[in-house]
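The values are calculated or read from the model by the stated rules, or taken from the named source; none is laboratory data. The model shown is predicted, which means the values in this text are computed figures rather than measured ones. Positions of Cβ are generated from backbone atoms using ideal geometry, with glycine treated the same way; all protein chains shown enter the neighbour counts. SASA here: full protein model, heavy atoms, side chains in, ligands and nucleic acids out. Shrake-Rupley method; radii C 1.70, N 1.55, O 1.52, S 1.80 Å.
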Amino acid sequence: MGYTYPVRHQTGTLTTEQLHLLLKNPRLIARQVASLTNEKFLADYLLSGRYDAAGGGVYYETETADLYTGTDPEAIEPAGDYPLIQLDEGVPSAARTVKFGQGSVITDEKISREGNQYVQKALMRVGNQMVRYVDTVAWGVIASRVSSTSAATSDGVGAWTTAGNVLGHLMMVREARAELATGLDLDTVVLPSAKWAKLVGMLVDDGALPREQGNIALSGTAPVSAFGMTWLTSPHITGTDPWLFDTAQLGGMADEKLLSEEFAAAGQTGVEASTTRIADNDSYLVRGRRVTVPIVTEPQAGVKLTGTGL
């Protein structure tokens, strides 16, 4: 019996002249960076709120413990007045944006000898480094503001050695937070990469995953929806413990638009890119940046899960 192994051939390879035209256009470079960074920021997924940090800062309120008004609605007669409720105000806070960025030099020799592959690699490295650093900063803010913890061995649930224990612990934490009448719904499970792999293996062994659609082992991608929750992972998570979040209430990212003439926005990612011809050195300076600050407005929207044994 013979075997054939299809070989992947490059398609749409840019010529040297086309690469020079590309590197002279910051908007095209920004578009390339956008395609490399889009939907990669864990920070944007967990901190789903969006704030405009005009002037280099953003003012926000940390939510109060109760997300309800505290007063029951009243029966209103036709043409009657609605009772007015004084809403509790949160704790006022402020955050200052930081400009995170870096550049890379692409020489004419690299363009001529290695072509589009080198240019794409350079842009990918700049974009990936931006994602990793911003995610690390955001995770540090989340971990410092969210102080709630839950041990897997509490209430007799046990370590995460079976699918039943995993779901039992998650549902216990989720329902306990819901019973506080905060209006929070913790439905997103976040795990470091190594723990994600162990968890998927255990769920497969226990036959807890669907056989077709939604099977994490078959799709190999995250996030995924299973058991009424969203499950995701990232190599940029610090620490070894899983977390449970309400991403709709946790917080947001505040981006500042500097409107620099030489920089172009990279889609909706918050990343900006620029390219400058350095004629004296026969090269291009390609830069990427994001001016942002992560903020947590509802610390109760997350719980750190300890003692899982993963």
Legend entry - Unmet requirement for residue 191, which otherwise passes all of (1) under 15 Å from residue 166 (Cβ atoms); (2) assigned to a strand (DSSP E or B); (3) at pLDDT below 80: (3)
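Within segment 245-254, take every residue that is of a type outside the set (Phe, Trp, Tyr) and open to solvent by less than 30 Å² (accessible area, probe 1.4 Å) and give me the one that is nearest to residue 55 (Cα to Cα).
In the first step, residues of segment 245-254 are kept if they are of a type outside the set (Phe, Trp, Tyr); the result is 246-254.
Checking the rest, the ones that are also open to solvent by less than 30 Å² (accessible area, probe 1.4 Å) come to 246-247, 250-254.
Working: 246: 29, 247: 27, 250: 24, 251: 20, 252: 18, 253: 15, 254: 11 Å.
Once the filter is applied, the top-ranked residue is 254.
Can you tell me how many residues within segment 262-277 are under 16 Å from residue 36 (Cα atoms) and open to solvent by 50 Å² or more (accessible area, probe 1.4 Å)? Reasoning before the result, please.
Within segment 262-277, the subset under 16 Å from residue 36 (Cα atoms) is 264-274.
From the residues that got through so far, the ones that are open to solvent by 50 Å² or more (accessible area, probe 1.4 Å) too are 265, 267-268.
Of the residues in that region, 3 qualify.
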Inset, instruction - Could you look through segment 287-310, keep only residues that are hydrophobic (A, V, I, L, M, F, W, C) and at pLDDT 90 or above, and pick out the one that is surrounded by the most Cβ atoms within 10 Å (Cβ to Cβ)? - result: 301
Inset, instruction - Please give the number of the condition residue 174 fails out of (1) open to solvent by 30 Å² or more (accessible area, probe 1.4 Å); (2) more than 24 Å from the chain's Cα centre (by Cα). - result: (2)
Inset, instruction - Can you confirm whether segment 195-202 contains a residue that is in a helix (DSSP H, G or I), of a type in the set (A, V, I, L, M) and touching a residue at least 24 places away in the same chain (Cβ under 8 Å)? - result: yes
Legend entry - Given (1) more than 23 Å from residue 43 (Cβ to Cβ); (2) under 25 Å from the mean Cα position of the chain (by Cα); (3) polar (S, T, N, Q), number of the condition residue 136 does not satisfy: (1)
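Do we have residue 274 as of a type in the set (Ser, Thr, Tyr), farther than 30 Å from residue 147 by Cα and in contact with a Leu (Cβ under 9 Å, 6 or more places away or on another chain) here? Working first, answer last.
Numbers: of a type in the set (Ser, Thr, Tyr): yes; farther than 30 Å from residue 147 by Cα: yes; in contact with a Leu (Cβ under 9 Å, 6 or more places away or on another chain): yes.
Yes: the conditions hold for residue 274.
Do we find a residue being in a helix (DSSP H, G or I), of a type in the set (Phe, Trp, Tyr) and either surrounded by 15 or more Cβ atoms within 10 Å (Cβ to Cβ) or in contact (Cβ under 8 Å) with a residue 12 or more places away in the chain (or both) anywhere in segment 145-168? Break it down stepwise before answering.
So the first thing to find is which residues in segment 145-168 are in a helix (DSSP H, G or I), and the list is 145, 154-156, 163-168.
Still in the list and also of a type in the set (Phe, Trp, Tyr): none.
No: segment 145-168 contains no residue that is in a helix (DSSP H, G or I), of a type in the set (Phe, Trp, Tyr) and either surrounded by 15 or more Cβ atoms within 10 Å (Cβ to Cβ) or in contact (Cβ under 8 Å) with a residue 12 or more places away in the chain (or both).
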Inset, instruction - Give the residue that is nearest to residue 274 (Cα to Cα), with candidates limited to residues of segment 101-122 that are open to solvent by 30 Å² or more (accessible area, probe 1.4 Å), part of a strand (DSSP E or B) and not polar (S, T, N, Q). - result: 103
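Return a yes/no flag: does segment 50-61 have any residue that is among the hydroxyl-bearing types (Ser, Thr, Tyr), open to solvent by less than 100 Å² (accessible area, probe 1.4 Å) and at pLDDT below 80.
yes
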